[in-house]
Amino acid sequence: MNLRSLKIFKEVCETKNMTKAAKNLYMTQPAVSQTISNLEDELGVKLFERIKNHLELTYSGRVLSNYSKKITRMVDESEDILNQIANLKKGKLRIGASMTIGTYLMPKLINEFKNEHAELKMPLLINNTDHIVDHILNNDLDIGFVEGPFNSTEITTNFFMKDELTLIASPDYFSKPPNSIKLEDITGEKFILREEGSGTRDIAKQKLDEKKINYKIKHVLNNFEAIKKAIIANMGISILPKLAVKEEIKRGKLVEIKINDLKITREFRIIYHTDKYQSPFFMHFMNFLKNV
């Protein structure tokens with residue numbers, strides 16, 4: 001039993017006449033009759049009986065008729081949906097982003113993209129770099145945006161944009177003006193860092209170790225808002241993305257400590273599984289990102 005046979009059977013059910021069904025299907029009457037006969041032989045049941053020159057469904061025919069309506073309707077719906085997907089009128093793209101990108105960039109970007117494609121679904125998962133990479137490898141996400149390093153031969157990586165991190169403190173944490181603080185002034189200081197697996201934590205520790213600065217990890221918190229509140233409460237200092245603190249700096253709740261020897265930049269990257277099927281939706285979103 002195939003879809004063609006079901007469609008012919010359904011038409012005969014509706015017209016109750018082989019000749020009319022053939023005309024509607026642009027087929028010959030013998031071809032329609034032969035299809036019904038083959039279907040009955042294949043299924044081992046009688047589907048129609050002729051009563052007073054009219055075709056009537058048998059019990060088996062009524063059962064198959066109910067299913068044929070459901071099956072052909074589902075096929076028609078699937079063809080319609082796939083056509084909409086191909087023409088970017090419907091679709092779903094699962095996006096994951098590490099904390100900085102997911103919190104401070106992606107909501108705005110997704111909103112801008114959806115202004116032109118309101119019917120497209122774009123669920124966003126925010127977690128640290130390690131988790132986003134794992135989700136890409138497990139095909140739980142279609143596209144990821146990460147800030148931390150990782151190693152995988154199964155993932156394709158593209159440059160997205162540059163990011164800058166800076167040393168942050170409360171306005172009254174240091175006894176001297178922020179612009180006069182040097183590397184030696186932060187030796188032994190209490191640092192508040194993100195959790196293991198965070199790209200921000202990795203690059204902050206890497207830079208501090210590179211400069212041979214002794215420091216104490218006083219608190220480990222898993223989101224920027226908690227870290228900023230802890231800094232405002234004078235619980236320590238931290239190295240954070242400028243994107244995450246620009247509003248607090250503008251309002252005077254936090255200050256940027258500019259140290260020439262402590263300039264930190266990194267790259268945000270777009271990642272996806274190397275074997276990932278690149279749907280029209282996927283490609284359209286990637287092209288959109290190039291103009292961000």
- Message: So the check is Cβ under 7 Å with 6+ separation or different chains; which pairs have a first residue in the stretch 65-80 that's closer than 9 Å to Leu6 by Cα and a second one that's not in a helix (DSSP H, G or I)?
- Response: Ser65/Leu57
- Message: Tell me yes or no: at least one residue of the stretch 186-204 is aromatic (Phe, Trp, Tyr), part of a loop (DSSP other than H, G, I, E, B) and surrounded by 14 or more Cβ atoms within 10 Å (Cβ to Cβ).
- Response: no
- Message: Tally up the residues in the stretch 98-154 that are among the aliphatic types (A, V, I, L, M) and over 25 Å from Pro280 (Cβ atoms), please.
- Response: 3
- Determine which single condition Asp41 fails, assuming it passes every other condition in (1) assigned to a helix (DSSP H, G or I); (2) without any contact (Cβ under 8 Å) to a residue 40 or more places away in the chain; (3) within 47 Å of the chain's Cα centre (by Cα); (4) over 30 Å from Tyr272 (Cβ atoms). (3)
- Note on the structure: Of (1) open to solvent by 50 Å² or more (accessible area, probe 1.4 Å); (2) farther than 19 Å from Asn128 by Cβ; (3) modelled with pLDDT of 90 or more, Lys176 fails just (3)
- Of those in the stretch 53-103 that are part of a strand (DSSP E or B) and either open to solvent by less than 60 Å² (accessible area, probe 1.4 Å) or at pLDDT below 85 (or both), the residue nearest to Leu243 (Cα to Cα) is Ala97
- Item | Long-range neighbours under 8 Å by Cβ, at least six apart or interchain, first residue without any contact (Cβ under 8 Å) to a residue 60 or more places away in the chain within the stretch 235-254, second part of a helix (DSSP H, G or I) | Gly236/Ala230; Glu248/Lys228; Glu248/Ile232
- the stretch 5-37: number of residues that are closer than 18 Å to Ile71 by Cβ and in contact (Cβ under 8 Å) with a residue 12 or more places away in the chain: 13
- Of all residues in the stretch 104-139, which are in contact (Cβ under 8 Å) with a residue 12 or more places away in the chain, of a type outside the set (D, E, K, R), open to solvent by 70 Å² or more (accessible area, probe 1.4 Å) and part of a loop (DSSP other than H, G, I, E, B)? Asn139
- Task: Scan Asn158, Asn151 and give me the residue that is modelled with pLDDT under 90 and polar (S, T, N, Q).
- Result: Asn151
- Name, by its number, the condition in (1) surrounded by fewer than 18 Cβ atoms within 10 Å (Cβ to Cβ); (2) of a type in the set (Val, Ile, Thr); (3) not in a loop (DSSP other than H, G, I, E, B) that does not hold for Ile227. (1)
- So Leu221, is it under 30 Å from Glu116 (Cα atoms), touching a helix residue (DSSP H, G or I) at 6+ places or on another chain (Cβ under 7 Å), open to solvent by 30 Å² or more (accessible area, probe 1.4 Å) and modelled with pLDDT of 90 or more: no
- Item | Hits in the stretch 140-158 - residues which are more than 13 Å from the chain's Cα centre (by Cα), farther than 20 Å from Glu195 by Cα and either open to solvent by 40 Å² or more (accessible area, probe 1.4 Å) or in contact (Cβ under 8 Å) with a residue 40 or more places away in the chain (or both) | Thr153, Glu154, Ile155, Thr156, Thr157, Asn158
- Item | Restricting the stretch 143-154 to residues that are in a strand (DSSP E or B) and in contact with a helix residue (DSSP H, G or I) (Cβ under 6 Å, 6 or more places away or on another chain), the residue that is nearest to Ser279 (Cα to Cα) | Gly144
- Can you confirm whether the stretch 161-168 contains a residue that is in contact with a Gly (Cβ under 6 Å, 6 or more places away or on another chain), touching a residue at least 24 places away in the same chain (Cβ under 8 Å) and closer than 13 Å to Phe268 by Cα? no
- Would a scan of the stretch 270-288 turn up a residue that is within 30 Å of Asn83 (Cβ to Cβ) and charged (D, E, K, R)? yes
- Considering residues that are open to solvent by less than 30 Å² (accessible area, probe 1.4 Å) and under 21 Å from Val63 (Cβ atoms), the number found within the stretch 1-45 is 13
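The values are calculated or read from the model by the stated rules, or taken from the named source; none is laboratory data. Only a predicted model underlies this, so the values are computations on that prediction, with no experimental measurement involved. Here Cβ is always computed from backbone atoms with ideal geometry, including for glycine, and neighbour counts include all displayed protein chains. When the accessible area is computed, the model is the full protein with side chains, heavy atoms only, and any ligands, DNA or RNA have been set aside. Shrake-Rupley method; radii C 1.70, N 1.55, O 1.52, S 1.80 Å.
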